[in-house]
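Notes follow once the structure below has been shown.
Read-outs throughout are calculated quantities, based only on the coordinates presented, and are distinct from any laboratory measurement. As the structure is a prediction and not an experimental result, all values here were calculated from the model. Because the Cβ atoms are built from the backbone with ideal geometry, glycine has one as well, and the counts that use them run over all protein chains shown.
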Amino acid sequence: MENIIDKIYRQLNKMLASDQKIGKTIIEDPVKVMNITISQLAKRAEVSDASITRFCRNLSLSDFHELKIMLAQSVGRRESESLKKYLRMICKLH
């Protein structure tokens, strides 16, 4: 399954202006978005709550909750990959 952050980034230039605002807000701080409400994201991106819902559907997600789950998975994978790289580096030093 494709990383949602990468998917948003890849599609960003093809998105409508409101979706680009949302996408950029998510890419800038995915961890923050995981922990806020749909209304808070809408306010940060300067769009309506309905625009957030449409954004999710345009990404083939069912709703904002699914977006948050996908973000958590993406962030978790990145942290896991970073930890693996760090551990490999440590092992090479010893």
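Some notes on this structure:
- By the count of other C-beta atoms within 10 Å, a proxy for reagent exposure, VAL31, VAL75, VAL47 are ordered fewest to most as VAL31, VAL75, VAL47.
- Across the range 8-14, rounded Karplus estimates of 3J(HN,Hα) from the backbone phi angles (6.51 cos²θ - 1.76 cosθ + 1.60, θ = phi - 60°) give 4, 4, 5, 8, 3, 5, 8 Hz, Gly and Pro being marked x.
- Vicinal HN-Hα couplings computed from phi for the range 17-33 (Karplus, 6.51 cos²θ - 1.76 cosθ + 1.60; Hz; Gly/Pro x): 4, 5, 5, 5, 4, 5, x, 5, 5, 5, 4, 4, 7, x, 5, 4, 4
- Label-point gap, in nm, between ALA50 and SER62 - each point 7 angstrom along Cα→Cβ: 2.4
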